[in-house]
Amino acid sequence: MRLAEALVMRADCQRKVAQIKQRLGRVIKVQEGEKPSESPTELLDELKRTLDDLAVWVKKINKTNALSAFDDSISLAEALSERDRIMQHRNILNEMLSEASIRQERYSRQEVKFYTTIEIPVLQKEVDELSRKYRELDFKIQEKNWSTVLLES
């Protein structure tokens, strides 16, 4: 099995856990004299099995990421960490741009006037560069996911 296939299986388990949680929310309380549409006990058993399956996929994926080379110098896990760092940096700068771009309307001269303390064009170029790096790295990671064989526990 390829790493990319395992990632799909993990995502399926995560979706199933979310669905079971919603279903449990609908059946843990019912009006007096009514019965739940599904058995909470059976749903809790299904939740436990699904979480156990999810844990197996996560362990295999993490092991594969840690032990698989991304390139000559770093592992796949390190590449994933770098991609996450780039995304977080880009998101923070993007939020700064959004805040700096909000115009403050003044209705009289007594109201406080705000000034932007950053160079918006410079920051936008940095956001664009981080976005490019993220896309390129993400593409290489996705490519590696399809060429990497999943390591068994």
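The values are calculated or read from the model by the stated rules, or taken from the named source; none is laboratory data. Nothing here was measured: the structure is a model prediction, and the numbers come from that model. All Cβ positions, even for glycine, are placed from backbone atoms using ideal geometry, and neighbour counts span all protein chains on display. The protein model used for the area step is the full one, side chains on, heavy atoms only, and it has no ligands, DNA or RNA in it. Shrake-Rupley method; radii C 1.70, N 1.55, O 1.52, S 1.80 Å.
Structure summary
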read-out	value
For the chain, the longest site-free run once chymotrypsin sites (Phe, Trp or Tyr not before Pro) in DSSP loop states with at most 10 other Cβ atoms within 10 Å are removed	1-106
Carbon + sulfur, % of accessible area of the chain - ligands and nucleic acids excluded, 1.4 Å	52 percent
For the stretch 1-139: accessible area per residue (Å², 1.4 Å)	76 Å²
Low-density loop cleavage sites - trypsin sites (Lys or Arg not before Pro) in the stretch 44-121, where at most 12 other Cβ are within 10 Å (DSSP)	Arg103, Arg106, Arg109, Lys113
Between helix 120-147 and the chain: long-axis angle, C-alpha atoms, 0 to 90°, nearest 10	30 degrees
Sparse-neighbour loop sites [GluC sites (Glu not before Pro); the stretch 1-106; at most 14 other C-beta within 10 Å; DSSP]	Glu32, Glu34, Glu38, Glu105
Assigned charges on the beta-carbon of Lys, Arg, Asp, Glu; the stretch 112-153 dipole about Cα centre (debye)	140 debye
Helix-derived mean residue ellipticity, 222 nm - over the chain, DSSP H n ≥ 4, -39500 (n - 2.57), to 500	-25000 deg cm²/dmol
Under 14 Å, Cβ to Cβ, from Arg2 - net charge with Lys/Arg +1 and Asp/Glu -1	0
Relative contact order (percent, whole number), the chain, Cα cutoff 8 Å, 6+ residue spacing	36 percent
